[in-house]
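The values are calculated or read from the model by the stated rules, or taken from the named source; none is laboratory data. Predicted model only: the values in this text are computed from it and were never measured. Because the Cβ atoms are built from the backbone with ideal geometry, glycine has one as well, and the counts that use them run over all protein chains shown.
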Amino acid sequence: MSSLAIRPITDADAQPCGRILFEAFRRFHDHHRFPPDFQSLEEAVQLAELFIGHPAIFGVVAEMDGQSSAPTSWTSAMTCAAWGRSPWTPTCRGRAWGVV
């Protein structure tokens, strides 16, 4: 059985998390025929780097078998907090976590 762990996001997660974001949103947009949010993988990685480095954003990563599998983040402003979307790698789907 696979192991699943949740841990704080680090700078080293920018590349794998950017890839996860790029692929998840690309599939969603292709399916619904929407224009893409990211024109390239590099744009998604840059967004991940921005979120990881922002002092008002706390991010976590779901790690499956030692691989970054799902990034998400919380933002806080005064007394409000927001939970971001959690895209998962396709290999996680149908395995009791992620999108089925």
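Observations, loosely collected:
- Positions within region 1-19 being aliphatic (A, V, I, L, M) and either over 14 Å from residue 65 (Cβ atoms) or exposed (fewer than 15 other Cβ atoms within 10 Å of the Cβ) (or both), in sequence order: 1, 5, 6, 9, 12, 14
- Subset of region 25-41 that is part of a helix (DSSP H, G or I) and surrounded by 11 or more Cβ atoms within 10 Å (Cβ to Cβ) - its residue that is farthest from the chain's Cα centre (by Cα): 29
- Filtering 62, 48, 14 for residues that are free of Cβ contacts under 8 Å to residues at least 60 places away in the same chain and outside any helix (DSSP H, G or I) leaves a single hit, 62.
- For residue 73: the one exception among (1) modelled with pLDDT under 85; (2) part of a loop (DSSP other than H, G, I, E, B): (2)
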